[in-house]
Amino acid sequence: MIRTDNRIMPATVGVPLFTRAFVVMVVAACLANTGCMNSRFASVRRTPTNPLDAPLQLMSYGGPKVTDRTRQSLRQLSLEKYADGDYSRGLSELAQIIEKEPTADNLYTFAELSYIAATRADALGKNATALELYAGSVSHAYYYLFESQEGAQSDGYDPRFRQACDIYNKSLEGSLRLVKLQGKFKQGETYRIKTPNQVFIVSLDTVGRWKDTEFQDFQFTSDYEVEGLKNQHRQYGLGVPLIAECKDKPPKAPGSEYFPPNLTFALTAFLEVTHTPDIDPDTKKPIHYCRIHLYDPLEQPEIVVKGKKVPLEADISTPLAYLLDSSSLGPAYMATLGLLSPGAQQDERGIYMLEPYDPKKIPVMMVHGLWSSPMTWLEMFNDLRAQPEIRNNYQFWFYLYPTGQPFWISAAQFRNDLETMRNKLDPDHAAIALDQMVLVGHSMGGLVSRMQTIESQSNFWHLVSDRPPSELKGDPADAEALRQVLFFHPNQSIRRVITMGTPHRGSDFANSTTRWLGKSLITLPSFVTGSSNRLVASNPGFFSNEELLQISTSVDSLAPDSPVLPAMNDAPKAPWVKFHTVIGVVDPDTWLGYFSGRSDGVVKYESAHLDEAVSELIVTADHNSVHRTPQSVLEVRRILREHVRQLREEYYSSIRQPLNVPQADSEIMPASHLAPVVTSPVMPAAQTPATPTAMSPSPSQPEMNPLKRSIYSTPPSSN
């Protein structure tokens, strides 16, 4: 973090208060007209979604009703009179039959009839009766699925099998809703449910990476409809998808210090029933022990029950949408705060995670652009995380920074934040996956990302002065802050950079009007303006380009005549980094395309193009949507798959074995060996008194491979 002190004081730019207020009103009106201020991501449904609505006629007049097949089963048992009423007596007689003949047909019939009776009792507010009936339904659906021969050996062709899964899921959900209503839906709780025929002792625990985390509340994903995300990703199976909320207590998980406040997670509740010979001493009825486990479906998408692999019912999109709506800082507010008042956002600046840190997964760092926030990436994040081969190999991180300040200030802060994070998470640099990082930057975020991969030498210093930095006078803290901005080395942990709609050669959007607006609106913190002003005052005649030092906004920094941009393009690039570009071009048949030419409306193709890019994709999109189009998401997925494939090739090359490429969804494993040494040019050392160039090997150490260590320690599984 580049600061001269611990305080951030606003620095005014001498614009009349009336002018500033007027411009703020105009921008706010424009923002409101775009719909950014009023967008929602999730809304509450009138009734929860239920796949049993149609087969059981739950919402119809006179419903719910048993299916024709269940009515036939009741008829064969001489119990048809209970198909439309007097469910309690019918279930009691059916339970006696099951004690003698626990066939799959009888078990399913009990589960369906009990569920219908439960929904009727639930609708009448008879909570205790409904809870008993839901418990009977879910337990018998479980017996049908896992203990009856027909259910356990089902191949999925029988529609009754899928319906039994739905009855299991919705009965368990109905039970949990009533338990929550009683205030007992808490981890570590055990409670007893008595029915006329059985006793259930139910416990609730979290397993996996959340076993030590106490969640404050749970919501049911079926209550919500996703609106702000184009795609809703689900996995079909068994269990109840939940939204787990962390409110005043942060979760106990690796990297939790990088979680945003009030984070939500996707969990799935699964109930397992165990038969025992135990008899309840009060009712003289058999006891069934029911264990409800809360699984993270992203960590464990399937479980093994009775020797059978079972996929968990999962919804990973609704918890994400719920998080966006429950956040105290909406996307429009965060973006506008970072643009207009960069100093006010310095406390929020930094790297954010939405899932626990995993040392075995490659980080994908997403860096937003001008007048934006990490929220802009959630559409792509939602789609990429839904792919097993992506989420098994990658973890997604997000960088939030104030977009009102010049991008090279943000790049210096990003450089510092990356180093600080690595020292916290992996001080011994033992996590090899962290050395394979991928940066994805949109618009100005692409410039912030690219500056992590170039060698400054003395090129950037010479933009402001021809005299050596050792002659610089003034406050040592100010001088050090300037050195950190102008002298830097490429980050050796970054292997790929994807830029999307990035103005590598500036943008005509930064014209005289927008630059005037920027100066009228943006209030920079004193560590940006005060430091430069003090150095200029203390060193008369020292700086050959004082104007560059005093560039006050990000809009100025993106101008095509900015001298920093050609210096970036000419700077030595880290040879181990591969660049990719995604470039938006507006449809020429639209009015915007007619006036914009070959551009995305903000950035021309020529500016977004990179000669050193190993791939380039042109998509039909404007600047604000270039990173949200399906083609862009597919391109990022392709690059991430290619990255994993090439890491595997490095491994096999290093051990000199023939390549047997495993399937794309196998997980990445840690490594301790070195990949083959690749000869590459050594960059010139930067003219800085601080440290020797990171690219030059120490005389006392052997030359390190610029590709770093490979990510595997043993051959990847072919499964």
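The values are calculated or read from the model by the stated rules, or taken from the named source; none is laboratory data. Computed from a predicted structure; not experimentally measured. Every residue, glycine as well, gets a Cβ built from its backbone with ideal geometry; the counts of neighbours run over all protein chains shown.
Need pairs with beta-carbon distance below 7 Å; first residue under 18 Å from A567 (Cβ atoms) and within the range 461-472, second at pLDDT 90 or above and not in a helix (DSSP H, G or I); sequence gap 6+ or separate chains.
So the pair list comes out as W461/F487.
Are any of the residues in the range 277-296 within 20 Å of V207 (Cβ to Cβ), modelled with pLDDT of 90 or more and touching a Lys or Arg at 6+ places or on another chain (Cβ under 8 Å)?
Within the range 277-296, one or more residues are within 20 Å of V207 (Cβ to Cβ), modelled with pLDDT of 90 or more and touching a Lys or Arg at 6+ places or on another chain (Cβ under 8 Å).
Being buried (at least 23 other Cβ atoms within 10 Å of the Cβ) and touching a Lys or Arg at 6+ places or on another chain (Cβ under 7 Å) is the requirement here; does Y108 meet it? Lay out the reasoning, then the answer.
Details: buried (at least 23 other Cβ atoms within 10 Å of the Cβ): yes; touching a Lys or Arg at 6+ places or on another chain (Cβ under 7 Å): yes.
Yes; evaluated as a whole, the condition is true for this residue.
Out of everything in the range 65-123 that is touching a helix residue (DSSP H, G or I) at 6+ places or on another chain (Cβ under 6 Å) and of a type in the set (D, E), what residue ends up being nearest to E173 (Cα to Cα)?
Only one residue tops the list, namely D122.
In the range 443-490, which residue that is over 38 Å from the mean Cα position of the chain (by Cα) and under 27 Å from H609 (Cβ atoms) is surrounded by the most Cβ atoms within 10 Å (Cβ to Cβ)?
L463
Out of all the residues in the range 200-220, is one or more farther than 29 Å from S256 by Cβ, out of contact with any strand residue (DSSP E or B) (no Cβ under 6 Å at 6 or more places or on another chain) and part of a loop (DSSP other than H, G, I, E, B)? Outline the logic, then answer.
The initial filter retains those residues of the range 200-220 that are farther than 29 Å from S256 by Cβ, namely 200-202.
Adding the requirement that they be out of contact with any strand residue (DSSP E or B) (no Cβ under 6 Å at 6 or more places or on another chain) leaves none.
No.
Considering the range 412-425 alone, what residues qualify as being modelled with pLDDT under 95 and acidic (D, E)?
Within the range 412-425, no residue meets the criteria.
Return the only residue of S493, S532, S512 being on the phi < 0 side of the Ramachandran plot, modelled with pLDDT under 65 and either crowded, with 23+ Cβ neighbours inside 10 Å or not basic (K, R) (or both).
Values: S493 fails: modelled with pLDDT under 65; S532 fails: modelled with pLDDT under 65.
Just a single option satisfies the conditions, and that option is S512.
Determine if the range 334-350 includes at least one residue that is within 18 Å of M444 (Cβ to Cβ) and at pLDDT 90 or above.
Taking every residue of the range 334-350 in turn, at least one turns out to be within 18 Å of M444 (Cβ to Cβ) and at pLDDT 90 or above.
Kindly indicate the residue of the range 57-107 that is among the hydroxyl-bearing types (S, T, Y) and not in a loop (DSSP other than H, G, I, E, B) and also nearest to A164 (Cα to Cα) among those meeting that condition.
Here is the first cut: in the range 57-107, the residues among the hydroxyl-bearing types (S, T, Y) are 60-61, 67, 70, 73, 78, 82, 87-88, 92, 103.
Still in the list and also not in a loop (DSSP other than H, G, I, E, B): 70, 73, 82, 87-88, 92.
Values: T70: 12, S73: 15, Y82: 20, Y87: 19, S88: 21, S92: 20 Å.
This residue is T70.
Please enumerate the residues belonging to the range 41-64 that are within 21 Å of E173 (Cα to Cα) and in contact with a strand residue (DSSP E or B) (Cβ under 8 Å, 6 or more places away or on another chain).
A42, S43, V44, R45, P48, listed by residue number.
Can you tell me which residue is surrounded by the most Cβ atoms within 10 Å (Cβ to Cβ) among those in the range 420-438 that are of a type in the set (D, E) and touching a residue at least 60 places away in the same chain (Cβ under 8 Å)? Write out each step before concluding.
Start the filter on the range 420-438 by keeping residues that are of a type in the set (D, E), which leaves 426, 428, 435.
Remaining after also requiring touching a residue at least 60 places away in the same chain (Cβ under 8 Å): 426, 435.
Working: D426: 17, D435: 23.
Looking at the filtered set, the residue picked out is D435.
For the range 236-254, indicate whether the set of residues that are among the β-branched types (V, I, T) and farther than 30 Å from A54 by Cα is non-empty. Give the steps one after another, and end with the answer.
Filtering the range 236-254 for residues among the β-branched types (V, I, T) gives 240, 243.
From the residues that got through so far, the ones that are farther than 30 Å from A54 by Cα too are none.
Among the residues of the range 236-254, not one is among the β-branched types (V, I, T) and farther than 30 Å from A54 by Cα, which makes the answer no.
Would you call T103 in contact with a Ser or Thr (Cβ under 6 Å, 6 or more places away or on another chain) and of a type in the set (S, T, Y)?
Values: in contact with a Ser or Thr (Cβ under 6 Å, 6 or more places away or on another chain): no; of a type in the set (S, T, Y): yes.
In short, no.
Exactly one of (1) surrounded by fewer than 15 Cβ atoms within 10 Å (Cβ to Cβ); (2) hydrophobic (A, V, I, L, M, F, W, C); (3) not in a helix (DSSP H, G or I) is unmet by V626. Its number?
All conditions pass for V626, except number (1).
Can you name the condition, by its number, that A121 falls short on among (1) under 47 Å from the mean Cα position of the chain (by Cα); (2) assigned to a helix (DSSP H, G or I); (3) touching a residue at least 40 places away in the same chain (Cβ under 8 Å); (4) under 25 Å from L178 (Cα atoms)?
(3)
Just give me the residues in the range 569-613 being in contact with a His (Cβ under 7 Å, 6 or more places away or on another chain), among the small types (G, A, S), crowded, with 22+ Cβ neighbours inside 10 Å and in a strand (DSSP E or B), in sequence order.
Answer for the range 569-613, where residues must be in contact with a His (Cβ under 7 Å, 6 or more places away or on another chain), among the small types (G, A, S), crowded, with 22+ Cβ neighbours inside 10 Å and in a strand (DSSP E or B): just G584.
Which of the following residues is outside any loop (DSSP other than H, G, I, E, B), assigned by TED's automatic domain parsing to the domain that holds K306 and farther than 24 Å from L178 by Cα: P281, P277, P241, P251? Lay out the reasoning, then the answer.
Numbers: P281 fails: outside any loop (DSSP other than H, G, I, E, B); P241 fails: farther than 24 Å from L178 by Cα; P251 fails: outside any loop (DSSP other than H, G, I, E, B).
Answer to the check: P277.
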